[in-house]
1. Taking the stretch 219-239 as the region of interest, how many residues are of a type in the set (D, E, K, R) and either within 13 Å of the ligand (Cβ to nearest atom) or modelled with pLDDT of 95 or more (or both)?
2. Quick one: in the stretch 253-275, which of the residues that are surrounded by fewer than 24 Cβ atoms within 10 Å (Cβ to Cβ) and within 14 Å of the ligand (Cβ to nearest atom) is nearest to GLY107 (Cα to Cα)?
3. Within the stretch 104-202, which helices (runs of 4 or more DSSP H) (wholly inside it) include 3 or more residues that are within 13 Å of the ligand (Cβ to nearest atom)?
4. Return the only residue of ASP285, ASP290 being within 16 Å of the ligand (Cβ to nearest atom) and farther than 21 Å from LEU147 by Cβ.
5. How many residues does the stretch 54-94 contain that are part of a loop (DSSP other than H, G, I, E, B) and surrounded by 15 or more Cβ atoms within 10 Å (Cβ to Cβ)?
6. Looking at the stretch 208-218, is at least one residue outside any helix (DSSP H, G or I) and either within 15 Å of the ligand (Cβ to nearest atom) or within 15 Å of the chain's Cα centre (by Cα) (or both)?
7. Could we say that ARG257 is modelled with pLDDT under 95 and not in a helix (DSSP H, G or I) here?
8. Using beta carbons and a limit of 6 Å, which pairs, at least six apart or on different chains, have the first residue in the stretch 147-164 and closer than 20 Å to GLY112 by Cβ and the second one aromatic (Phe, Trp, Tyr) and surrounded by fewer than 23 Cβ atoms within 10 Å (Cβ to Cβ)?
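The values are calculated or read from the model by the stated rules, or taken from the named source; none is laboratory data. Fair warning: this is a prediction, and the values are worked out from it, not measured in the lab. As a convention, Cβ positions derive from the backbone with ideal geometry for all residues, glycine included, and neighbour counts pool all protein chains shown.
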Amino acid sequence: MFNTLQDRLSATFKGLRGKGRLSDSDIDAAARELRVALLEADVALPVVREFVAAVRERAKSPEVQQSVNPAQRVLDIVNEELIAILGGEARRIRLAKTPPTVIMLAGLQGAGKTTLAGKLARWLRGQGHQPLLVACDLQRPNAVNQLQIVAERAGSAFFGPEPGNGVGDPVDVARRAVAYAREKQHDVVVVDTAGRLGIDAELMQQAADIRDAVKPDETLFVVDAMIGQDAVVTAQAFLDGVGFDGVVLTKLDGDARGGAALSVAKVTGRQVMFASNGEKLDDFDVFHPDRMASRILD
Ligand code: GDP
């Protein structure tokens, strides 16, 4: 029983050490192992295909052919290619030249947006910012209240629809929130938007309207790592419907191997910027492509 890709490749290449050349069938065997490992990590099939083809191509190069330990060399290449797709270095939030910086969160209901808003607020405070959390999820009855509680816990200011004013218009709330932030010197505004359990044209339009009203400096697509291959379909729908600049992967404390990170990054060309790994406010970090690469290969 081989657990990691490292074990699998070592077994595949057993006896090759010092042989000096990988045959086509050695490379085929390695490609098969790589394919299985990526599928087990829940990487989407088209991404697996393209990735394996790229590694196979590199494995035929003289550099690998003549290496002393081909298994290790192929593994290094896999690692390098994974990190390259995941974006190399973690990207920082782009701050607006004139505050406030507006960050908009979009994603399906249950993805972890509200929780993330609190985590981001705490993290931003740690970086010396004065965030304002804005409730524009007026769809789910308890969402406004939930965000207010999260804001309090994170020690962040909060802005929501005026009480007793009916359901309210999320675009109007967002617009007023930015004006309020300017007035009260909150330098970062985090806008939480509504999501449905499935992709929904009306809510997608609502998010697009909020985007047009407040022109976010960063729109972050929030996605649950546990949804695995479905992440690609959802990401594509949000890219087409709202557009986004970066990705936040949530629920990485679950047993997902993280293939969603690779698939979403590859298919959308947007980097994963943050990782959420628990329900507590501190269960949050900037995303580390190298750590994710080893998680996918594990
Ligand atoms: P939203 O509908 O996108 O705003 O999602 P919520 O923030 O309300 O999160 C939905 C559920 O997932 C809640 O029960 C959260 O406590 C939980 N949750 C959010 N982020 C994480 C995470 O990183 N790990 C775990 N285990 N649970 C999370």
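1. Total meeting the criteria: 1.
2. That would be PHE274.
3. 113-126, 143-154
4. Numbers: ASP290 fails: within 16 Å of the ligand (Cβ to nearest atom).
Selected residue: ASP285, the only one of ASP285, ASP290 that is within 16 Å of the ligand (Cβ to nearest atom) and farther than 21 Å from LEU147 by Cβ.
5. Going residue by residue through the stretch 54-94, those that are part of a loop (DSSP other than H, G, I, E, B) are 60-61, 66-69, 87-94.
When the remaining residues are screened for being surrounded by 15 or more Cβ atoms within 10 Å (Cβ to Cβ), the result is 67, 87, 90-91, 93.
Summing the residues that are part of a loop (DSSP other than H, G, I, E, B) and surrounded by 15 or more Cβ atoms within 10 Å (Cβ to Cβ) in the stretch 54-94 gives 5.
6. yes
7. Numbers: modelled with pLDDT under 95: yes; not in a helix (DSSP H, G or I): yes.
Considered against the rule, which asks whether it is modelled with pLDDT under 95 and not in a helix (DSSP H, G or I), ARG257 comes out as yes.
8. So the pair list comes out as GLN148/PHE158; ALA151/PHE158.
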